[in-house]
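One structure is given below, encoded as structure tokens.
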Amino acid sequence: MKTLKRIVAGILSTALLLGMTSCATTKQTEAPADAAAFTTIESGKLIMATNAFFPPYEFYEGEKIVGIDVEIASAVAEKLGLELVIEDVEFDSIIAGVQSGKYDIGCAGMTVTEDRLKSVNFSTPYATGIQSIIVAEDSEIKDIDALLGGDYKVGVQSGTTGDIYMTDDIGEDRIERFSKGNDAVLALTSGKIAAVVIDNEPAKAFVAANAGLKILDTPYTVEDYAMAINKDNVALKDAINQALKELTDDGTIAAIVNKYIPAEG
Ligand code: ARG
């Protein structure tokens, strides 16, 4: 039941946001981002915290971190006249680091949640995520109810919404936390756990890279991704939102997303 409510809430919030965006588009008077109004931790730089084991949003290509979030954040930084500096950290340290003024933004396929909004501000959402369930190809778990109802162990990435919601639904004892999503998937392939709950795009990448796994058809939750920004830096949030709006309007964001997630069909 909780799950259904979350899916409905996710769809509603996305619909509301889309509605708001189209409304804003017709009314807007094209004010440029006010570069003088915001400050960053180090002048001239935009320090972004991420956790770079989350393809296609952020992942290593050799020594370099690439992906949707990296390209969107670079395009935003460029609009604001800043140099993007990326710090690869544990996912569950990002919000605290933004809150304490260590990073200007957290950009990590990060879901907007009520709870996180108590600690940080979020930019306008720029993508939608779905918590998916990965199981072994021959698993007896056929849907979310079977997963919740059994006594299966479930792997999650520490501090993610998959972790928070699953812990809420099935309790601590059945949760196995990993610092990287891929480590949870490895535990699944070696039979240590029965399922992994993780965002849909990394789920697809992990299933493609590991034989014998599949994603269940029933999604667990639907969520919005946005950049986390320190609550005191409202001017930076406004400037980032203005940049995101321009990058949405001129098709840059759609092009970045399409490059990494080619439209299906
Ligand atoms: N969307 C999920 C959350 O916000 C997972 C994000 C994990 N991101 C990462 N870069 N590892 O909790």
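Below are the figures for this structure:
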item: Paramagnetic reach from E63 in the stretch 75-107 [backbone N under 20 Å; point 7 Å along Cα→Cβ]; result: 84-89
item: Other-chain or far-sequence residues with amide H under 5 Å of F38's (modelled H); result: none
item: Net charge, L46 excluded, C-beta distance under 12 Å - Lys, Arg +1, Asp, Glu -1; result: -3
item: Per-peptide average of other Cβ atoms within 10 Å, ordering 121-128, 46-53 highest first; result: 46-53, 121-128
item: Amide H partners (placed H, <5 Å) of T221, local residues excluded; result: Q131
item: Overall form of the stretch 66-106 per C-alpha gyration tensor (a/c, 1.5; a/b vs b/c); result: oblate
item: Karplus-derived 3J(HN,Hα), 6.51/-1.76/1.60, for each residue of the stretch 124-129, Hz, glycine and proline x; result: 4, x, 10, 7, 10, x
item: Cα-based shape type of the stretch 73-207, given that a ≥ b ≥ c are square roots of the gyration tensor eigenvalues and the cut on a/c is 1.5; result: prolate
item: Relative contact order (percent, whole number), the chain, Cα cutoff 8 Å, 6+ residue spacing; result: 28 percent
item: Karplus-derived 3J(HN,Hα), 6.51/-1.76/1.60, for each residue of the stretch 164-179, Hz, glycine and proline x; result: 4, 6, 5, 4, 4, 7, 10, x, 3, 4, 9, 9, 10, 9, 10, 7
item: Debye intensity ratio I(q)/I(0), log10, the stretch 134-265, q values 0.09, 0.17, 0.18 Å⁻¹ (C-alpha model); result: -0.35, -0.94, -1.00
item: Sorted largest first, extent of the stretch 121-165 alpha carbons per principal axis (Å); result: 40, 18, 16
item: Principal axes of the chain: Cα extent on each, largest first, Å; result: 57, 39, 37
item: Label point distance in nm, S100-D183, each placed 7 Å from Cα along Cα→Cβ; result: 2.0 nm
item: Semi-axes of the equivalent ellipsoid for the stretch 214-259, Cα gyration tensor, largest first, Å; result: 28, 18, 7
item: Interchain or long-range residues, amide H under 5 Å from L213's placed H; result: E137
item: In order through the stretch 40-45: 3J(HN,Hα) via Karplus (6.51 cos²θ - 1.76 cosθ + 1.60), integer Hz, x for Gly, Pro; result: 10, 4, 10, 4, x, 10
item: Cα-based shape type of the stretch 44-137, given that a ≥ b ≥ c are square roots of the gyration tensor eigenvalues and the cut on a/c is 1.5; result: oblate
item: Unit charges on C-beta of K, R, D, E only; dipole of the stretch 123-179, Debye; result: 260 debye
item: Mean-position separation - Cα centroids, the stretch 230-265 and the stretch 147-164, in angstrom; result: 30 Å
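Taken together, the values in this text are just the output of simple stated rules run on the coordinates, not laboratory data. A quick note: this is a predicted structure, and the numbers were derived from the prediction, not measured. Virtual Cβ from ideal backbone geometry, glycine too; neighbours counted across all protein chains shown.
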